[in-house]
Amino acid sequence: MIRFGSTLMLSGALLLGAGTVQAALPDEATMFKNPQCGCCDEYARQLEARGVEVKLVDDIEVGKIKQRVGLPVGHGSCHTTQMGGYAIEGHVPFAALERLFEERPDTRGIGLAGMPIGTPGMPGPKQGEWDVYQFRDGEASPFMTL
């Protein structure tokens, strides 16, 4: 009887742990983008496939959003997303998003400069490493390399 109870508790703990990984991303996000940008739309669709409801805002000057969140000069991409209290710049791979929301570091956000081929929303095979940075007060520092 004790063995069965222990197994049942262990199974429950494992299931709870597995659910936590899936629940790492917030439920909602707001993406600021150019109205004609199809890769931004694809990134939003991929976020939605992961359970994130994405509100698209394409009637605002995106550069002002980037300034407001403190994005470092020269580290921009085609869209800026706000979710879970963080700014996400560009086509950040989902492994980096999951790490951000699991660890919750003291940073304003993370980003991936440019529009690298093979990242979520960008067609084609991965070409080289992706250097995801974190930023605060207009300064960037390494977050992770994928």
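The values are calculated or read from the model by the stated rules, or taken from the named source; none is laboratory data. Not measured: the values here are computed from a predicted model. Here the Cβ is made from the backbone with ideal geometry for all residues, glycine too, and neighbour counts use every protein chain on show.
Might you let me know whether segment 22-35 holds any residue that is of a type outside the set (Gly, Ala, Ser), at pLDDT below 90 and either within 14 Å of Pro120 (Cβ to Cβ) or part of a loop (DSSP other than H, G, I, E, B) (or both)? Checked against the condition, which is being of a type outside the set (Gly, Ala, Ser), at pLDDT below 90 and either within 14 Å of Pro120 (Cβ to Cβ) or part of a loop (DSSP other than H, G, I, E, B) (or both), segment 22-35 yields at least one hit. For Ala96, all conditions in the list (1) on the phi > 0 side of the Ramachandran plot; (2) not in a loop (DSSP other than H, G, I, E, B) hold save one; what is the number of the exception? Unmet for Ala96, out of (1) on the phi > 0 side of the Ramachandran plot; (2) not in a loop (DSSP other than H, G, I, E, B): (1). Scanning segment 97-130 for residues that are out of contact with any Cys (no Cβ under 8 Å at 6 or more places or on another chain) and either among the β-branched types (Val, Ile, Thr) or surrounded by 14 or more Cβ atoms within 10 Å (Cβ to Cβ) (or both) yields a total of 19.
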